Structure formats: C-alpha cells, structure tokens
C-alpha cells in the first residue's frame, strides 16, 4: 500500500531541509569521535601532527590525555 501523495511530498520536503541544513563531514571525524588508524606508524604520525591538523578537533574527543612517558612497552 503506497502512502497518500501528500505524505510523500511532506517527507520529501523534510529530507530536502535536512540535506540543506546538515554539515558535510567528509574527511573529518564526526563530532566526539576519534580517528582510526591501522598501524603503530599511522598512530605515531597522527599524534605528531594532531595539534596542527585543522581537520582534527581534539577538544571534542572524549579522551583523557596520556603523557608520553607513561606509555611503555606493555601498551603495544
């Protein structure tokens, strides 16, 4: 059973407004999420440049800072 014609128009209008109002998140982590890496090398490179990378906003990530000295061989 198909919805009445006016309901289809209503949902189309809602979808159009949502598309116009939502920000694009391509090439950026979503608000509150952390970047994903596949290797220790990628993680090290990401950590080195995180303060200067304009695509990363570390203030929105739900992580506690960890001092580099406290990360030892057991963290591998």
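The values are calculated or read from the model by the stated rules, or taken from the named source; none is laboratory data. Source: prediction; values computed, not measured.
Assorted remarks:
- Qualifying residue in region 24-40 (condition: modelled with pLDDT of 85 or more and not in a loop (DSSP other than H, G, I, E, B)): yes
- In this structure, residue 46 does satisfy being at pLDDT 80 or above and under 18 Å from the mean Cα position of the chain (by Cα).
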